[in-house]
Amino acid sequence: MWLKPEEVLLKNALKLWVTQKSSCYFILQRRRGHGEGGGRLTGRLVGALDAVLDSNARVAPFRILLQVPGSQVYSPIACGELLSGSDVYWAVATGATLEEINQHWDWLEQNLLHTLSVFDNKDDIASFVKGKVKALIAEETSSRLAEQEEEPEKFREALVKFEARFNFPEAEKLVTYYSCCCWKGRVPRQGWLYLSINHLCFYSFFLGKELKLVVPWVDIQKLERTSNVFLTDTIRITTRNKERDFSMFLNLDEVFKIMEQLADVTLRRLLDNEGFDLDPGLQEPSQITKRDLEARAQNEFFRAFFRLPRREKLHAVLDCSLWTPFSRCHTAGQMFTSDSYVCFASKEAGCCKVILPLREVVKQPARLLSCCASVRVIVCLLPNPIIVSIRSKMAFQFIELADRDSLVESLLARLKQVHADHPVLYDTTGDEDLMVSSQNTEGAPLCDGLWKVRTTFFVHAACFHLQSREQIKMRLWNDHFVEYGRTVCMFRTEKIRKLVAMGIPESLRGKLWLLFSDAVTDLASHPGYYGNLVEESMGKCCLVTEEIERDLHRSLPEHPAFQNETGIAALRRVLTAYAHRNPRIGYCQSMNILTSLLLLYAEEEEAFWLLVAVCERMLPDYFNHRVIGAQVDQSVFEELIKEQLPELAEHMHDLSALASISLSWFLTLFLSIMPLESAVNVVDCFFYDGIKAIFQLGLAVLEANAEDLCSSKDDSQALMVLSRFLDHIKSEDSPGPRLGSHHAFFSDGQEPCPVTDIADLIRDSYEKFGDQSVAQIEHMRCKHRMRVLQGHEDTTKQNVLRVVIPEVSVLPEDLEELYDLFKREHMMNCYWEQPRPVALRHDPSRPYAEQYRIDARQFARLFQLVSPWTCGAHTEILAERTFRLLDENMDHLIEFKAFVSCLDIMYNGEMNEKIKLLYRLHIPPALTENDRDSQSPLKNPLLSTSRPLLFGKSNGDTVDYQKQLKQMIKDLAKEKDKTEKELPKMSQREFIQFCKTLYSMFHEDPEENDLYQAIATVTTLLLQIGEVGQRGSSSGSCSQEGGEEPQASAPSPEQDSVFADTHNGKSPRESQVFPEEAQRDWTVSLEHILASLLTEQSLVNFFEKPLDIKPKLENAKINQYSLKTCEMSRQSQPELKLSSP
């Protein structure tokens, strides 16, 4: 490896280097202790010193120095790494290292040594050599990856070490690396931590002991920061089998964030294809860099904080200050710019937040040349100001912006693109409406008419009181609109949160939901979109529409709006249109309840876009096959219970019971378990604060019932306590009778439950549990997503094993090991072979047994690792035939059950089962005409032999095998299951392949000679049997040539049917039509082969001896990765040969 020349003063080298070669200009040196035959102690001390000091010298056990005559300064320009660390007794690795460094030395002698003699000035010599070496570095392929990093040269050195030490395929991209300690019990091991796209790796060489640790990201169940007795802050990696602690990082926060991102990206990419959309920068895993992961983390926080669409890509985050008219000052914060938005968040949490869709930014008339567009740079006394004007005649003044000119230029370019994609017609009449109305409305909200109906029946003092409360709230909101704005671009402060917690006025509820969720932008940007969806989707019948029809009348059935066809038809259109828009989600239960509420307060098209915002932004991954998002939030909720309500958590030892109870709280936003009049206030808070509002309200509910829950005896009693409480939550703003949730449980003699006001409950939730930030919630979601996904993987594994265990004789613990190997084989192809066919990807929506499947190449590797039938070079051919036999549906994929069933016969089957499997492997469909071994010289029919079926023994006796075979075949026929399908007979070509397999299986067996002699005897017997059948079929065919009709007759007692009339089961008439073909038929049956093998005790012992799969499993776990790497390197060798001259 070539290095950038850097000065080295030999006087300070502490005699750690030994000169191996030298010339007039170059010196080749070896690190003392490396490559010495008797320097074991020295090698260990130097290796330990290098590890502890964490020096760059440890990177290069060999180096080449540039020597300028007359100078005491030397420049190291090349180094060769000792592949096995500094262990001098590893001669092969040392030889490989010497070869590498000698290649560089030879290149210098051949290309530079003679050229340097023409220079008179030593400075010219140094400059020339440095320039040539830098050019060599630039040409190396690994430098392409290194250029993406902050320190390319150091990264390139680390990349070389990573590749040499772990021997991964080239597709395993190194992302970053850190120096750290790995704790093994109470002993720390200093070394290097390598983070790649699919693995976490650690390497240490300390006092002669080498430690390599490889952990796939998909195996990590928990990633957390913790502390131990010796260190206050460590990173703990938890897998199914063990825990690993890493510490002594220079920047532990950065390391943990990168590890968290890599684990999250890999797990979701490989285990959650159903709900995970990769960011554009992460579509190709081999191109992921540390910068990409940092940008992804920032992007996810940005989208979660402002609840923006997933497609939004963050472009810049800038410190600035925003003029806030309500406080008469500039508020310090940060500006976030993305594809379609300019956002602002104050540094003080909750002080001020602004979302400015670029679609709302005003494009000024062309005559105002000084303004150029909507973004106007004001030259005044304010430092670096920018003013952004919006349609509602508001202006936002940002100051103290670094690099203002480039920011303005980029904003203008994106503004132009947004307006080109979604043209806007500006209204200059001073529109002061709350929002921009849609051009395609389907009708007024369903509750507009119902409000009048309901209030008609309840005109009394209480109703007048409610109207006055509504008027008071309207007045407060109008005052707020005047001061803070009334569009999506309003200033969002703590004051508006308090207004939302009090309850949004009925007349404003639907409009404010659109603003808070930013569904108003989608609505205005897609005119006519909903109408087209309705036209395309209505009238189509499929499974989704059937599910929708089944749930239509279960959606708020107690509400008058859905007791007639008008409301039902609107609900049907919205749900069907959304299923047509997003077929990946389609329709899930609880969507009908949420959509019903949306239709009560918004127009039909508005309700559709609100549903889009909830399903795709505000509750990500909630509405899919496995509801991963809801399960993740359940786990987060459990952690919050432990933190905020420790006494309750201590009493409720199993918080999963509370999680199952509260699942409907998250899926339906309390709509299914709380009176509707109260639940709408919860939805108000949800649209403003997102999932945080549900978390804190859930904690408030548990705290209000903590005493009763602690005294409950079981889960059913706890469920009854919570259900009664939630059913008796009322709203003071409700004008009509309370519409209960019908989920409460009552019993005779039970005391009435006290009534709780929803406004008081929401206020308590904000005061006591409202301190959770978006960043904290997203961090907890990321942490618990690992646990949830791994929980699904464990469930899949348990279900598959539960089906397989009763059908095989393999021990359950060995089955688990086999399942892990099978899954890892599937994963390795996902790691390094891109793009992956859809059929081979992990599909969690499939049945458990079909979620992981492998193809022929993957099966061949596993067969080589765990099969007891290893046949040397013939093993790969046998694996191909086995795969074709197991691939019954011809989709070129097999499942775990088929794989294990085959292995079970090989290890635990009786002799007749093993022979039957071998027999099936050598007839179609396992053996094909295009079989790789079809070019064998034994493919043609064997020459016939007239040797008798009599063989001499060593004592001079003879054995008549024909009589023994007849008796064995009769016995086998009696025991054969009548219902079993008879296997076709084996042709001569197939029989020869069968014999070759048997010969290969006996190689290196302790009884090899006896087995070869026995199989030779059996082969001769079977050849004789086939010839007897061939002669019988030939004579039978010739007797029919005179035109006589064949007569069916039973064989005589002296003639066994096995030895006569055997020619692939052809009818006599077929033999008459094709007499030449009949003469060539040579066949033997499974019964022939099995009976023949039973005559040799050595063969019987071979097939009946007990086999232990455990050694194979241990070896497979060690060599599975290296086998895959070797295969990929062999595949790349032809390309290298073609490219070489």
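No lab work stands behind these numbers, since they all come straight from the coordinates. Just so you know, these numbers come straight off a predicted model, no measurement behind them. Using ideal geometry, Cβ is built from the backbone for each residue, glycine included, and neighbour counts are taken over all protein chains shown.
Between beta-carbons, use under 12 Å as the cut-off and find the net charge around Thr870, counting Lys and Arg +1, Asp and Glu -1.
Details: positive: Lys1112; negative: Glu876, Glu1004, Asp1005.
Charge balance in the 12 Å sphere: -2.
With each label modelled as a point 7 angstrom along the Cα→C-beta vector, the Arg310-Gln776 pair spans 2.7 nm. Each of Ala706 and Ser1122 was given a label point 7 Å from its Cα along the Cα-to-Cβ line. The distance between the two points is 5.8 nm.
Here each label is just a point 7 Å from Cα along the line to Cβ, and for Cys753 and His422 those points are 4.2 nm apart. Taking each of Lys122/Lys154; Lys783/Lys1117; Lys212/Lys242 in turn, the alpha-carbon distance tops 23 angstrom for Lys122/Lys154; Lys783/Lys1117.
Give me the Å³ per residue figure for the convex hull around the C-alpha atoms of region 570-672.
Numbers: hull volume 10.1 nm³, N = 103.
Hull volume normalised by residue count: 98 Å³.
By the scheme Lys and Arg +1, Asp and Glu -1, what is the net charge of all other residues having a beta-carbon under 14 Å from that of Asp764? Residues near Asp764 contribute -2 overall.
Calculate, for Glu1007 and Asn1115, the FRET efficiency according to 1/(1 + (r/R0)^6) with r their C-beta to C-beta distance and R0 25 Å; round to the nearest 0.05.
Details: r = 23 Å, r/R0 = 0.91.
The value I calculate is 0.65.
Multiply the residue gap between Asn799 and Asn384 by 0.36 nm, knock off their C-alpha separation, and tell me the result in nm, one decimal place. Please report the intermediate quantities before stating the final value.
Details: separation 415, 0.36 × 415 = 149.40 nm, distance 6.32 nm.
My answer for the length gained is 143.1 nm.
Residue separation of Arg186 and Ala873 scaled by 0.36 nm, minus their Cα-Cα distance, works out to 242.6 nm of gained length.
What's the extension gain from Leu211 to Met538 if we count 0.36 nm per residue and subtract their Cα-Cα distance? Walk me through the numbers before you get to the answer.
On the way: separation 327, 0.36 × 327 = 117.72 nm, distance 6.37 nm.
The Leu211-Met538 span can extend by a further 111.4 nm.
Measure up Lys823/Lys914; Lys914/Lys996; Lys797/Lys1105 against 22 Å on the Cα-Cα distance and list the ones that go over. From the list (Lys823/Lys914; Lys914/Lys996; Lys797/Lys1105), the Cα-Cα distance tops 22 Å for Lys823/Lys914; Lys797/Lys1105.
Legend: calculated FRET efficiency, Arg584 to Arg763, from the Cβ-Cβ distance at R0 = 41 Å, rounded to 0.05, equals 0.60.
Close amide H pairs (under 5 Å, H built 1.01 Å from N) link Asp757 with Lys730, residues at least 5 positions away or on another chain. Each residue of region 154-169 was assigned a 3J(HN,Hα) from its phi angle through the Karplus curve 6.51 cos²θ - 1.76 cosθ + 1.60 (θ = phi - 60°); the sequence is 5, 5, 5, 4, 5, 5, 4, 4, 4, 5, 6, 7, 10, 6, 7, x Hz, with glycine and proline shown as x.
Using the Karplus relation 6.51 cos²θ - 1.76 cosθ + 1.60 with θ = phi - 60°, the per-residue 3J(HN,Hα) values for region 98-103 come to 5, 4, 5, 5, 5, 4 Hz, with x marking Gly and Pro. Note on region 487-587: with charges restricted to the Cβ of Lys and Arg (+1) and Asp and Glu (-1), its dipole about the Cα centre is near 440 debye. Couplings for region 346-362, taken from phi via the Karplus curve 6.51 cos²θ - 1.76 cosθ + 1.60 with θ = phi - 60°, read 6, 5, 7, 4, x, 5, 6, 9, 9, 10, 10, x, 4, 5, 8, 6, 7 Hz in order; Gly and Pro are left as x. Other residues whose C-beta falls under 13 angstrom from the C-beta of Gly791 contribute a net charge of +2, scoring Lys and Arg +1 and Asp and Glu -1.
Note on Glu639/Arg240: beta-carbon distance plugged into 1/(1 + (r/R0)^6) with R0 of 22 Å gives a FRET efficiency of 0.55.
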